[in-house]
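I have placed the structure first, in the form of structure tokens, so that the comments after it can refer back to it.
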Amino acid sequence: MKEIRTVDAVGQVLCHDLTQIIRGVTKDARFRKGHVIAPEDIDVLLSMGKDHVFVWEADEAVVHEDEAAEVLRELLTGAPRENMPHMEAKGPKEGKIELIATVDGVFSVDAARIDALNDLDDISIATVPQQFPVNAGQKLAGMRVIPLVCKKSVLEEAKKRAAGEPIVKVLPYRKDLRVGVVTTGTEVFLGRIEDTFTPVLEAKLKAFGLTITEHRKADDDKEHIATEIRSLLDAGMDLILCTGGMSVDPDDRTPAAIRRATDEIVTYGAPILPGAMFLVAYKNVDSRTVPVLGLPGCVMYAPATVLDMYLPRLVAGERIERSDIRKKGVGGLCMNCKVCHYPRCTFGRS
């Protein structure tokens, strides 16, 4: 850094914060480290008693923190600032740029490439968790370089490590999703007890702007259940939720019925509590692949369960793979907090 006369400092980058004190009004940094001095700043600096300031010396091998943050933003999004899908950028402010969601959806991030970038000493990138459900206006990521100026060689290495598809995305929720529900159980089918499960699903779907498009009921005969699942597939449903009969009791027939009506069982069982009896299957219908879920009874009464982990992703159009579920053991235990703050908690955050 070097000391120069303030009147000669236009266009120079400050090396440190400069505090302005006005009695009874303010005592705060008027100009912060990294600020590029503008013509209108000169009189203010002189009024603060700053006839000289310390600025960074020009160096073709480095870039200012603001410019470096913009490089990181483009590496993460893979798009110009004005053309980022479902995101907007705020800043740079004090060397930091933040990404903000512009739609409701699910956040997706390539964690391995984020780790590779953060392994460079001068780079700092932080994001919300993988597959985190987000709302429009919510912060997604923040990025900056640590020093006031960053070596161009570091940014070149960052570009190599970030090469490929965009590192961060927002997958928007589908608003046209057609959801079918099959309620199983002879006691409900015959009207012996009230169906208290379907209202829970209605409330969960409403949070995504969705409703139950078609609703079927079946007794405990597995062929009858399979027939109702097939009828919903024929009716063009995009997602089918089956309730009741999902435990290991001999008279719980829903898993077998789902096997009959679908092409692929991704998993029956999950290392997630509450939600161990979760079933995920898929059925190919014409050019579509329709997820069919078997929902354990905990969904009816627990505030946050396995369904809350995966429903946002399904509404966003993601396919659920076996590894997505079977690797959830670490972080798959709900703490049963007196006041549920899901998803802003550890549940599902492996």
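The values are calculated or read from the model by the stated rules, or taken from the named source; none is laboratory data. Just so you know, these numbers come straight off a predicted model, no measurement behind them. Cβ sites come from the backbone with ideal geometry, for glycine too, and all protein chains shown count toward neighbours. Accessible surface is based on the protein model in full, side chains and every heavy atom, while ligands, DNA and RNA are left aside. Shrake-Rupley method; radii C 1.70, N 1.55, O 1.52, S 1.80 Å.
Would you mind finding the one in Leu233, Leu177 that is part of a helix (DSSP H, G or I), surrounded by 14 or more Cβ atoms within 10 Å (Cβ to Cβ) and in contact with a helix residue (DSSP H, G or I) (Cβ under 8 Å, 6 or more places away or on another chain)?
When all the criteria are applied, what remains is Leu233.
Considering Gly185, Gly236, which residue is within 25 Å of Tyr301 (Cβ to Cβ) and not hydrophobic (A, V, I, L, M, F, W, C)?
Gly185
Among Thr227, Thr213, which is the only one that is surrounded by 16 or more Cβ atoms within 10 Å (Cβ to Cβ), hydroxyl-bearing (Ser, Thr, Tyr) and more than 20 Å from Val299 (Cα to Cα)?
Thr227
Which of the numbered conditions does Gly95 fail, given that it passes all the others? Conditions: (1) crowded, with 19+ Cβ neighbours inside 10 Å; (2) at pLDDT 95 or above.
The one condition Gly95 does not meet is (2).
Among the residues of the stretch 163-171, are any open to solvent by 80 Å² or more (accessible area, probe 1.4 Å), part of a strand (DSSP E or B) and in contact (Cβ under 8 Å) with a residue 60 or more places away in the chain?
Yes: one or more hits.
Mind checking which residues of the stretch 127-150 are open to solvent by less than 60 Å² (accessible area, probe 1.4 Å), part of a strand (DSSP E or B) and not β-branched (Val, Ile, Thr)?
Pro133, Leu140, Ala141, Gly142, Met143, Cys150
Which number in (1) open to solvent by 60 Å² or more (accessible area, probe 1.4 Å); (2) touching a Pro at 6+ places or on another chain (Cβ under 8 Å); (3) aromatic (Phe, Trp, Tyr) marks the one condition that Phe208 misses?
It is condition (1) that Phe208 fails.
Considering the stretch 98-119 alone, what residues qualify as being of a type outside the set (Val, Ile, Thr) and surrounded by 17 or more Cβ atoms within 10 Å (Cβ to Cβ)?
Within the stretch 98-119, Glu98, Leu99, Ala101, Asp104, Gly105, Phe107, Ser108, Asp110, Arg113, Ala116, Leu117 meet the criteria.
Tell me, please, whether a residue that is assigned to a helix (DSSP H, G or I) and either on the phi < 0 side of the Ramachandran plot or touching a helix residue (DSSP H, G or I) at 6+ places or on another chain (Cβ under 9 Å) (or both) can be found in the stretch 206-222.
Yes, the stretch 206-222 contains a residue that is assigned to a helix (DSSP H, G or I) and either on the phi < 0 side of the Ramachandran plot or touching a helix residue (DSSP H, G or I) at 6+ places or on another chain (Cβ under 9 Å) (or both).
Working only within the stretch 71-92, note down all residues that are open to solvent by 30 Å² or more (accessible area, probe 1.4 Å), more than 26 Å from Val13 (Cα to Cα) and either among the hydroxyl-bearing types (Ser, Thr, Tyr) or without any contact (Cβ under 8 Å) to a residue 12 or more places away in the chain (or both).
Glu82, Asn83
May I ask you to list pairs of residues, at least six apart or on different chains, whose Cβ atoms are under 6 Å apart, with the first in the stretch 149-161 being within 12 Å of Glu65 (Cβ to Cβ) and the second being in a helix (DSSP H, G or I) and open to solvent by less than 90 Å² (accessible area, probe 1.4 Å)?
Cys150/Ala68; Leu155/Val71
Hey, among the residues in the stretch 24-70 that are over 41 Å from the mean Cα position of the chain (by Cα) and among the aliphatic types (A, V, I, L, M), which one's most open to solvent (accessible area, probe 1.4 Å)?
The residue in question is Val25.
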